[in-house]
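The structure appears right after this line, and notes come after that.
We did not get these values from a lab; they are worked out from the coordinates using the rules stated. Bear in mind that the values here come from a model prediction, so they are computed numbers and not experimental data. So basically every Cβ, Gly included, is an ideal-geometry build from the backbone, and we count neighbours across all protein chains shown.
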């Protein structure tokens with residue numbers, strides 16, 4: 001990994017002989033179609049980083065998606081429920 005213009009971590013991607021640098025957050029967001037490291041649950045801080053939003057915004061999203069699980073004092077967010085909830089807001093071509 002290298003650093004980009006704004007100090008972002010960059011990942012080298014290769015496709016059909018072309019090599020390009022992609023911001024790590026963008027790469028992870030694209031890879032969310034296949035869950036990150038096979039994780040079914042994440043923490044608030046990780047979710048905020050993955051979805052490029054503040055922790056309070058991600059907290060609200062997790063509550064709205066009803067994706068929160070509490071185990072004693074530990075709070076976990078189910079990734080699949082967040083992704084399903086986000087699909088509701090996807091813009092579709094209107095022709």
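Checking each residue in the stretch 67-84 for being over 13 Å from the mean Cα position of the chain (by Cα) and surrounded by 10 or more Cβ atoms within 10 Å (Cβ to Cβ) picks out 67, 68, 69, 75, 76. Tell me which residues, restricted to the stretch 70-82, are closer than 15 Å to residue 45 by Cα and assigned to a strand (DSSP E or B). Residues satisfying the conditions are 74, 75, 76, 77, 78.
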